[in-house]
1. If R0 is 22 Å, what FRET efficiency do you get for Thr8 and Ala35 from their C-beta distance, rounded to 0.05?
2. FRET efficiency for Val57 and Arg23, Cβ-Cβ distance as r, R0 = 35 Å, nearest 0.05?
3. Consider just the alpha-carbon atoms of the stretch 3-57 and return their Rg together with their Dmax, both in angstrom.
Amino acid sequence: MAIDERITSFSDKELASLHDNVRRLADSGSTAQRAEAARLMPLIDAELAERKAKAPVRKPPVRKAAAKKQAARVEE
């Protein structure tokens, strides 16, 4: 199975590693490696964007001082 067919089955860590390697080859690889990198990069970017869109929205942590102020307002 070709690598472009396996991209969707990679874990997030594997996909990030592949992205870094493809970016490196696009900059400093041989002619064939640069061509393959140019072909794979849009596929990898699309998969990363899709995963980011599907990821649950994470709320920023509430600072303790802000939580105390809000609790004090509620008690008043």
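Read the figures in this text as sums done on the coordinates, not as results from a lab. If you're wondering where the values come from, they're calculated on a predicted model, not measured in any experiment. So basically every Cβ, Gly included, is an ideal-geometry build from the backbone, and we count neighbours across all protein chains shown.
1. Details: r = 22 Å, r/R0 = 1.01.
Efficiency, rounded to the nearest 0.05: 0.50.
2. Numbers: r = 27 Å, r/R0 = 0.78.
Rounded to the nearest 0.05, the efficiency is 0.80.
3. For the stretch 3-57, the Cα-based Rg and Dmax read 11.7, 40 Å.
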